[in-house]
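Undergrad: Supplied in structure tokens, the structure appears directly below.
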Amino acid sequence: MPAKPISLRIDADTQVSALWDKPRGATAALVLAHGAGAGMTHKHMEATSDGLAARGIAVFRYNFAYMDRGSKRPDNPPVAHAAVRAAVAHAKKLAGDLPLFAGGRSFGARMTSQAQALEALPGVKGLVYFAWPLHPAGKPGTDRAEHLAAVKLPMLFLQGSADDLAETDLLKPVVASLGKRAKLHLVDHADHSFHVPARSGRKDPEVLDEILDVAAAWMGKNG
């Protein structure tokens, strides 16, 4: 069954596009935000949503306002946080009794973690990050991670070891500092898009299967 189109209202003046995909026998639901450069219908978002649905996870995908406007400049954090909150609230109604999780890809993951750090997202049991962007490319640092200490939910970091927006030597101690509530799953040779070179002996679909297996199992454990 194709995903159901949703009109998601952010505030009195703003509404954005969203998609709801609930497989038969779903065991959990994930609110999934996109990365900075591509919206909810990008092939990677589609593949992630389809793969999770095949594993019994319902997915609520949505666009940030700038993406629906056709702008290339991401919304500022307060605007993005409002979209995260609206998406979680809407998904919570659709999910019913299903355990609810939130997160996203890169920019979407960081906006979700920031929103949770500022004020708890109602009903959310944990956060799932696909390539959480620790720092800009070529500018290693950990300032972006400071707010994570205020996130009191279980967190799953799905990261590539060759991600130029999250150097492994910086990311590992950040995750370790969060204690038992945070788990890091590192994919050897994968970059920020979870692409792996041919010399790795693996193909991108295999990597996606790996991270989706981990994500589904983690949500099952923390639901």
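Where a number appears in this text, it was derived from the coordinates with a stated rule and is not lab data. This one's a predicted model, so the numbers in the text were calculated from it and none came from an experiment. FYI the Cβ positions are ideal-geometry reconstructions off the backbone, even for glycines, and counts take in every protein chain you see.
Undergrad: Which percent, nearest 5, of DSSP beta bridges in the stretch 4-222 are antiparallel? Provide the component values of the computation, followed by the final result.
TA: Numbers: 11 of 38 bridges.
Here the antiparallel bridges make up roughly 30 percent for the stretch 4-222.
Undergrad: Further, regarding this structure: Obtain the nm distance between the two label points defined at Lys139 and Asp204 by a simple spin-label model: each point lies 7 Å from its Cα along the Cα-to-C-beta direction.
TA: Result for the modelled spin labels: 2.7 nm.
Undergrad: Let me ask something else. Please give the net charge around Ala166, taking every other residue with its beta carbon less than 11 angstrom from that of Ala166, where Lys and Arg add +1 and Asp and Glu add -1.
TA: Working: positive: Arg110, Arg144, Lys172; negative: Asp163, Asp164, Glu167, Asp169, Asp191.
Neighbourhood net charge equals -2.
Undergrad: Convex hull volume of the Cα atoms in the stretch 4-222, per residue, in Å³?
TA: That works out to 116 Å³ per residue.
Undergrad: For the stretch 1-160, what does the relative contact order come out to in percent, with C-alpha contacts under 8 Å and a separation of six or more?
TA: RCO, the stretch 1-160: 21 percent.
Undergrad: Now, a different point. What is the set of long-range amide H partners of Gly223 at a cut-off below 5 Å, with H atoms built 1.01 Å from backbone N?
TA: For Gly223, no residues qualify.
Undergrad: What does the charge count around Leu118 come to, taking other residues whose C-beta lies under 14 Å from its C-beta (Lys +1, Arg +1, Asp -1, Glu -1)?
TA: +1
Undergrad: So, one more: How high is the relative contact order of the stretch 126-223, in percent, with contacts defined as C-alpha pairs under 8 Å that are six or more residues apart?
TA: 27
Undergrad: Please give the FRET efficiency for Val79 paired with Ser177, using the beta carbon to beta carbon distance and R0 = 35 Å, rounded to the nearest 0.05.
TA: 0.75
Undergrad: At what distance in nm do the modelled label points of Ala12 and Ser161 sit from each other, each positioned 7 Å from its Cα along Cα→Cβ?
TA: Inter-label distance under the simple model: 5.4 nm.
Undergrad: Give the separation of the Cα centroids, the stretch 9-52 to the stretch 79-142, in Å.
TA: 12
Undergrad: Let me ask you something else. Using a cut-off of 15 Å between alpha-carbon atoms, which aspartates and glutamates can reach Lys93, once sequence neighbours fewer than 8 places away in the same chain are excluded?
TA: Asp21
Undergrad: Another question, then. Which is the longest part of the chain that has none of the trypsin sites (Lys or Arg not before Pro) sitting in a DSSP loop with at most 13 other Cβ atoms within 10 Å?
TA: The longest such stretch corresponds to 73-151.
Undergrad: Using just the helices of the chain, give the 222 nm mean residue ellipticity in deg cm²/dmol: DSSP H runs with n ≥ 4 each add -39,500 (n - 2.57), and the total is spread over all residues, rounded to 500. Display every interim value, and only then the final one.
TA: Working: 6 runs with 77 residues, N = 223.
Roughly -11000 deg cm²/dmol at 222 nm, from the helical runs in the chain.
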